[in-house]
Amino acid sequence: MSYVKPVFSHPDLPANKVGYRKRDYEGAISTLCAGCGHDSISGAIVQACYELSIEPHRLAKLSGIGCSSKTPTYFLSNSHGFNTVHGRMPSVATGATMANKDLLYLGVSGDGDSASIGMGQFVHVIRRNLNMVYIVMNNGCYGLTKGQDSATADFGSISKGGSQNHFQPIDLVGMALELRASFVARSFSGDKKQLVPLIKLALSHPGFAFIDVLSPCVTFNNNVGSTKSYEFIRDHLEYPAPADYVPKAKEITVDYAAGTGTLVTLHDGSTLRLDKLAGDHDPSDHLNALRRHHEAVANGEILTGLLYMNKESETLHQLFNTVEVPLNSLRETELMPGTAALEKINQLFR
Amino acid sequence: MSDANSRVNDFVIRFANVNGTGSASANGLFAKAIYRMGIPVTPKNIFPSNIQGLPTWYEVRVSEKGYLGRSGIVDFVVAVNPQSLEEDIASVRPGGYFLYDSSKPLHKEMMRGDIHFLGIPMMTLAMKNFTQPREQQLLKNIVYVGALAALLDMDMDVLRGIVAQTFKSKEKLIGPNNLALSIGFNYAKENFKCPLEIRVETRDLIGDRILMEGNLASALGAIYGGASVMAWYPITPSTSVASAFEKYCKRLRKDPDSNQNRYAVIQAEDELAAIGMVIGASWNGARAFTATSGPGVSLMSEFIGLAYFAELPAVIVNVQRGGPSTGMPTRTQQADLISSAYASHGDTKHIMLIPSTPTECFEMTAQALDLADRFQTVVFVMSDLDLGMNDHLTPPLQWDDDRRYDRGKVLSAEDLENMEKFGRYLDVDGDGIPYRTLPGTHPTKGSFFTRGTSRDEYARYTEKGDAYVRNVDRLTKKWQTAKEWVPKPEFFGEGNRHSLGLIFYGTTYYAALEAMDLLTEQEMGLDAMSLKSFPFPEEVQSFIEQHEEVFVIEQNRDAQMRTLLINELQINPAKLIPILHYDGMPITATDICAKIMAHLSVNALRNDAL
C-alpha cells in the first residue's frame, strides 16, 4: 500500500537562511516498522540539512539495498535519489561525484549492505577519500529478509529466535580507522543531540565522512541478549567528545558556554567545538583514535562521537587534478580535440 | 624441392620469439616497413598469458591483393625461440623457408627435407658487435630484420627511416640499431642467394590508410565522443583501451590555462565497481564508459540490468576473448554476443555496435555515447582481441568539427519551469523514450528517485501489474525505435541477385570478403551482408528473405549471431547455415570456403539421391 503524507505544516515555522522550512527537507512517510531506529536517523538528516541551510536540490542521496537503503525515500524529497544495487552504492556515488563535484553526496547503507555484500566497495571508497557522507544504519541483522544475523552482529549476541552468534563481528569503525578514512564517527539513533551535529560536521567535511549509527531493529533484534537492542546500547554507550558544529555564518546558537572547549577550524571556515568533557581526546590524533576505539571494544563499551578527522586530506577530485567546473558541464568545445589534432594522430600511424 | 612457387608481395611470415625479449619492436619495424613500401600488410600478435619466458609469435601477412584476414598458411618462419623449434619447423608449408639462429646447431632429427633452412648466427653476431647483455638480446632481433631486408628485397632506407623516427628522442639508439640492421643484411647477402623467390616489391596500394589497433581507436572515439569519466578494471584484451584513453587525454584534454584535467580515469576495485561508476557518472550527466572483456561483462550483469530498467546511459567496450570462464584469455573469439545482448536477469536487451575495423572502433565508440544518451540505456561496442590488440590497415580517423553530441532528452531548469508535470517514465513523444532530469537542475521541480524496482510513469514505486506492464512495454517500443538509429549493415556483391547469401560481422569481415573472392573465382554467385548492430535494422530481414540459403559466418561454437537472428527475426533455422570457427586464432578464408563447399556438396549429394 502507499502512504500519503499530509502536506499541512504550521505557518509560523521558521525558514532557514536559504528560505526553506524544515518541511521542505522531509520525504514520504516511512514504511519501516514503528519505532525503527532508522526513522530517527532520517529525522536527524532532515534536521541537519535544514540547520545547515543546504538547498535540497544541491544534495544527492544514494543508497544500496535493505531497510536502511529504503530511507532516502523518507527524507529530502526535493533531492535526486538513487537506490542502486545491493552493496554497490559506493561505486555509483564515485561516478556521480566524478561527474559533478559541486553537489553534496549523502550515502546511506546498512550493515548487510556495507559489511557483507558491499565490503569490497566500502573499503575502496574509503581508500579514494571520495567527498561524501557515508552513513551505516547498523542494526546487526537483515531486517528486510526477516532477521538473519549480519556480519556486524557481536560474538555471542542472541537473536530473537534464541540462537547465539558464533562468528566474530566485522567492526566497521575499526576498519574505517585502520584504512585512514578522513572522518570517522559513531553514534546511536536514539541520541539525536549527538547525531545531528555529527551529520552536519560530516556534510561540511571535504573528503570521506563515515558515521556508523547503531540503530536497533525493533522487530528482529531488540530482544534480551542482543547487543544491538535499545537497552543494551544505552547501557554501554561512552562519549569521548561531544561535539557541536558551528557554521561560518554562525546562524545556529550553541547552548554550550563559550570558552569551555577546543575549537577546530574547518576547511570552509566553520568551526567544530569539542566540549571540555572530551578530556584528552583530540580527533586529529589517529593513533589515539584507534587506541580509544579498540580499548572500548575490549571493554565491551561503545565509544561514540567524532573519533577521527583529518581536515587536510585531499579528495579524489584534488588527487585527479580535475578542472574547477563539474565534468558534466563541459561541452563540445572543451571535450572535442578537433580534426587538426586527429590528423596529427593519423600521421603517427603511417 | 623447388622454388617454382615464386611469390611477390603475397606470403605469410611468422616470427617465433620468447615473450619479454624485446621482439615486439623488431617485428613491428618489419611490418611498418612493408606498409611504408606501399604493400597491404596485416600483422597479428599470438601471445601467451604470460609476461616473460613463454613462446610468442608474430604473424605478418603481406598481400598485394589487399587481403587482410589471416591466411592460415605459413610461408616463412623466423625462429629465435628454442622452446618452440619443433612446432615452428612443422608449421612451414612445403617449399617454405625457415630462418633460425644458428649460433647453436639444430638437431639433425628436427630437419625437414621439404623446406629451406637458412641459418644465421644471430646471437653470435650480436655478441661480437655489442657489449651489454640486454643490448645484445634486443639487437639480435634487429639483426634478423636486417637479414630479411636482404632475403626479401626490402628497402633498407625505409627501415632506417623508421629507426630514426622511432628513436627520435633517444638518438644514441639509432646507431646501434642501424648497425644491427646492416650486420643482418650483409650476412644474408654473403651467405644466401638474395633475394629469395618469396619477396617484396614497392607498390602504391595503401592510399591514405593508417596502421592502427582497434583499442586505441576505441579510446580516441571515446575522447572525441565526449566521455569525461572512464572507470575500468584491468583485463586482457581490453586494458589498452583504458591506457590509451588516459594517455591521449593527457595530451588532448587538459585545460590550457590551468593544466587541470577535463577527464577522470578511475581504476576500480573490480568490474562491478567499474560499471557502477559509469552508471553513477551518467546518472549525473557526464558521458562515461568502461572497457572490459567477457568475464567482466559477467560481473557487470546486475548493474547492466539496473541501467536497462532504470534507463541510464552506459557504454561498455567489450573486447571479446576466448571463453567460457577464464577460457583462452589471449586468443580471439566472437563468443559474447548472447551474453552481452541479453545481459542480466529478467527481460533485458541491449544495443550492440559491431566494428570490423579500427576506424569503425573509433566511429562506433563515439556513436555509442550518443546512442546511450539518446536511448538512456546500455550500449555495447563489440570488439574482439584480434581487432583490439592487433594493428590493422584502416582508413584514417575522421571527425567533423561541427558535430554536436546528441545528449538525448534531458530537461533544463527552464524546461521544468514551463511544464505542467514532469513524469520521468512518461512516453511523451510516442517513441518509448522518456525525458530525464539531472540532479541539481531545479530547486523544487524534477527531482525523482532512480531505482531498480518497478515504478509508475512518475517514478513512484509500485508493484501494480498494469503499471509494470506499461513500463516494460514502453521499453520494447524504445527498442523498436532504436532499430532506426543503429548503424545499417554493409552489403557486398552485385546486389541481392543470387540465391546464396553470406552474413558476417566484426573481424570475420576480412576473411569472409576474401572467401567471397575465392568462391567467385570458382564461379559461385554470392551476395554478402556485414552486420553492424543489434537490434537488427529492417534491411537485415529483407536480405535474409531475398536469399534461399544464408551462411552465417562467425567465430564461436554455438552460432550465437545465428541464434540472435532466429530469435529476433523469426527466421526459419533451416535457412541459416552456421559456418563456425572457434580455435582462438582468427578465422581464415580457406576455412570458410571449405566449410561452405562441404555444405553445398553434401546438399548436392542429397539432391542427387532424391
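The values are calculated or read from the model by the stated rules, or taken from the named source; none is laboratory data. Keep in mind the model is a prediction, meaning the values are calculated, not measured. Note that each Cβ is placed from the backbone with ideal geometry, even for glycine, and that neighbours are counted across all protein chains shown.
Taking the stated definitions as given, is A:Ser159 crowded, with 24+ Cβ neighbours inside 10 Å, hydroxyl-bearing (Ser, Thr, Tyr) and farther than 26 Å from B:Met230 by Cβ?
Details: crowded, with 24+ Cβ neighbours inside 10 Å: no; hydroxyl-bearing (Ser, Thr, Tyr): yes; farther than 26 Å from B:Met230 by Cβ: yes.
So A:Ser159 fails the test.
Answer yes if at least one residue in the stretch B:442-451 is under 23 Å from A:Gly27 (Cα atoms), more than 8 Å from chain A (Cβ to nearest Cβ) and not β-branched (Val, Ile, Thr), and no otherwise. Yes: the stretch B:442-451 contains one or more residues that are under 23 Å from A:Gly27 (Cα atoms), more than 8 Å from chain A (Cβ to nearest Cβ) and not β-branched (Val, Ile, Thr).
To keep it simple, each residue is scored yes or no on (1) among the basic types (Lys, Arg); (2) surrounded by 14 or more Cβ atoms within 10 Å (Cβ to Cβ); (3) in the same structural domain as B:Thr365 (by TED's automatic domain parsing); (4) modelled with pLDDT of 95 or more.
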residue: B:Val469; (1), (2), (3), (4): no, no, no, yes
residue: B:Asn496; (1), (2), (3), (4): no, yes, no, no
residue: B:Glu523; (1), (2), (3), (4): no, no, no, no
residue: B:Phe536; (1), (2), (3), (4): no, yes, no, yes
residue: B:Ile544; (1), (2), (3), (4): no, yes, no, yes
residue: B:Gln555; (1), (2), (3), (4): no, yes, no, yes
residue: B:Pro578; (1), (2), (3), (4): no, yes, no, yes
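Taking B:Ala467, is it in a helix (DSSP H, G or I) and within 14 Å of another protein chain (Cβ to nearest Cβ)? Even if it seems obvious, please write down each step before you answer.
Numbers: in a helix (DSSP H, G or I): yes; within 14 Å of another protein chain (Cβ to nearest Cβ): yes.
In short, yes.
Selection within the stretch A:71-102: residues that are in contact (Cβ under 8 Å) with a residue 60 or more places away in the chain and not β-branched (Val, Ile, Thr). The member of this set that is surrounded by the most Cβ atoms within 10 Å (Cβ to Cβ) is A:Met98. Pull up the stretch A:183-232, narrow it to residues that are of a type in the set (Val, Ile, Thr) and under 15 Å from A:Gly35 (Cβ atoms), then point me to the one that is farthest from the chain's Cα centre (by Cα). Residue satisfying both the conditions and the ranking: A:Thr219. Please specify each residue of the stretch B:9-37 satisfying the condition of being part of a helix (DSSP H, G or I), modelled with pLDDT under 95 and surrounded by fewer than 23 Cβ atoms within 10 Å (Cβ to Cβ). Matches in the stretch B:9-37: B:Ala24, B:Ser25. Among B:Gly305, B:Gly327, B:Gly323, B:Gly296, which is in contact with a Phe, Trp or Tyr (Cβ under 8 Å, 6 or more places away or on another chain) and small (Gly, Ala, Ser)? B:Gly296 is the lone residue from the list that is in contact with a Phe, Trp or Tyr (Cβ under 8 Å, 6 or more places away or on another chain) and small (Gly, Ala, Ser).
Note on the stretch B:280-298: among residues that are at negative phi and at the interface with chain A (Cβ under 7 Å from one of its Cβ atoms), the one that is farthest from the chain's Cα centre (by Cα) is B:Asn284.
Name every residue in the stretch B:265-279 that is of a type outside the set (A, V, I, L, M), surrounded by 24 or more Cβ atoms within 10 Å (Cβ to Cβ) and at the interface with chain A (Cβ under 7 Å from one of its Cβ atoms), in order of residue number. Talk me through it step by step, then tell me what you get.
Going through the stretch B:265-279, the residues of a type outside the set (A, V, I, L, M) turn out to be B:267, B:269-271, B:276.
Now drop any that are not surrounded by 24 or more Cβ atoms within 10 Å (Cβ to Cβ), which leaves B:271, B:276.
Selection gives B:Gly276 alone.
Here are some residues: B:Leu99, B:Leu139. Which one is in contact with a Leu (Cβ under 7 Å, 6 or more places away or on another chain) and either at pLDDT below 95 or crowded, with 24+ Cβ neighbours inside 10 Å (or both)? Give the derivation first.
Details: B:Leu139 fails: in contact with a Leu (Cβ under 7 Å, 6 or more places away or on another chain).
None of the other options fit; the residue is B:Leu99.
Looking across A:Val125, A:Val46, one residue alone is within 11 Å of chain B (Cβ to nearest Cβ) and either in contact with a strand residue (DSSP E or B) (Cβ under 8 Å, 6 or more places away or on another chain) or closer than 22 Å to A:Leu201 by Cβ (or both). It is A:Val125.
Scanning for something over 23 Å from A:Val85 (Cα atoms), in contact with a Phe, Trp or Tyr (Cβ under 7 Å, 6 or more places away or on another chain) and not in a strand (DSSP E or B), does the stretch B:453-464 turn up at least one residue? Before the answer, list the steps.
The initial filter retains those residues of the stretch B:453-464 that are over 23 Å from A:Val85 (Cα atoms), namely none.
Scanning the stretch B:453-464, I find no residue that is over 23 Å from A:Val85 (Cα atoms), in contact with a Phe, Trp or Tyr (Cβ under 7 Å, 6 or more places away or on another chain) and not in a strand (DSSP E or B), so the answer is no.
Which residues, counting only those in the stretch A:74-88, are facing chain B (nearest Cβ under 8 Å) and either part of a helix (DSSP H, G or I) or under 26 Å from B:Phe422 (Cα atoms) (or both)? A:Ser77, A:Asn78, A:Ser79, A:His80, A:Gly81, A:Phe82, A:Asn83, A:Thr84, A:Val85, listed by residue number. It is to be established whether one or more residues within the stretch B:318-336 are charged (D, E, K, R) and facing another protein chain (nearest Cβ under 10 Å). Looking for residues that are charged (D, E, K, R) and facing another protein chain (nearest Cβ under 10 Å), one finds none in the stretch B:318-336, hence no.
Being out of contact with any Cys (no Cβ under 8 Å at 6 or more places or on another chain) and within 23 Å of B:Pro324 (Cβ to Cβ) narrows it down to one residue among B:Gln555, B:Gln570, B:Gln541, B:Gln546; which is it? Show your work before the answer.
On the way: B:Gln570 fails: within 23 Å of B:Pro324 (Cβ to Cβ); B:Gln541 fails: within 23 Å of B:Pro324 (Cβ to Cβ); B:Gln546 fails: within 23 Å of B:Pro324 (Cβ to Cβ).
Among B:Gln555, B:Gln570, B:Gln541, B:Gln546, only B:Gln555 is out of contact with any Cys (no Cβ under 8 Å at 6 or more places or on another chain) and within 23 Å of B:Pro324 (Cβ to Cβ).
Of the residues A:Leu307, A:Leu327, A:Leu319, the single one that is among the hydrophobic types (A, V, I, L, M, F, W, C) and surrounded by fewer than 21 Cβ atoms within 10 Å (Cβ to Cβ) is A:Leu319.
Within the stretch A:104-119, the set of residues being crowded, with 24+ Cβ neighbours inside 10 Å and either assigned to a helix (DSSP H, G or I) or at the interface with chain B (Cβ under 7 Å from one of its Cβ atoms) (or both) comprises A:Asp111, A:Gly112, A:Asp113, A:Ser114, A:Ala115. Condition check: of a type in the set (A, V, I, L, M) and assigned to a loop (DSSP other than H, G, I, E, B). Does B:Val428 satisfy that? In short, yes.
Yes or no, residue by residue, for (1) free of Cβ contacts under 8 Å to residues at least 40 places away in the same chain; (2) not assigned by TED's automatic domain parsing to the domain that holds B:Ala286:
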position: B:Asn191; (1), (2): no, yes
position: B:Cys194; (1), (2): no, yes
position: B:Ile206; (1), (2): no, yes
position: B:Ser218; (1), (2): no, no
position: B:Gly221; (1), (2): no, no
position: B:Tyr224; (1), (2): no, no
position: B:Pro234; (1), (2): yes, no
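Taken over the stretch B:206-261, the criterion of being buried (at least 19 other Cβ atoms within 10 Å of the Cβ), more than 30 Å from B:Gly66 (Cβ to Cβ) and under 22 Å from the mean Cα position of the chain (by Cα) is satisfied by B:Gly226, B:Ala227, B:Met230, B:Ala231, B:Trp232, B:Tyr233, B:Ile235, B:Thr239, B:Ala242, B:Phe245, B:Cys249. For the stretch A:57-66, state whether one or more residues are more than 8 Å from every other protein chain (Cβ to nearest Cβ), surrounded by fewer than 22 Cβ atoms within 10 Å (Cβ to Cβ) and not charged (D, E, K, R). No, there is no match, as no residue in the stretch A:57-66 is more than 8 Å from every other protein chain (Cβ to nearest Cβ), surrounded by fewer than 22 Cβ atoms within 10 Å (Cβ to Cβ) and not charged (D, E, K, R).
Could we say that A:Lys344 is touching a Phe, Trp or Tyr at 6+ places or on another chain (Cβ under 9 Å) and either more than 7 Å from every other protein chain (Cβ to nearest Cβ) or at pLDDT 95 or above (or both) here? Taking the combined requirement at face value, the residue does not satisfy it. If A:Leu13 satisfies every condition in (1) closer than 28 Å to B:Met277 by Cβ; (2) assigned to a loop (DSSP other than H, G, I, E, B) but one, which is the exception? It is condition (1) that A:Leu13 fails. Looking at (1) closer than 30 Å to B:Met328 by Cα; (2) more than 9 Å from chain A (Cβ to nearest Cβ), which one does B:Ala231 not meet, given that it meets all the others? Here B:Ala231 meets the rest and fails (2). Of the residues A:Thr339, A:Thr315, A:Thr265, the single one that is modelled with pLDDT under 95 and within 14 Å of another protein chain (Cβ to nearest Cβ) is A:Thr315. Scan the stretch B:33-64 for residues that are under 22 Å from the mean Cα position of the chain (by Cα) and among the charged types (D, E, K, R) and the total you get is 3.
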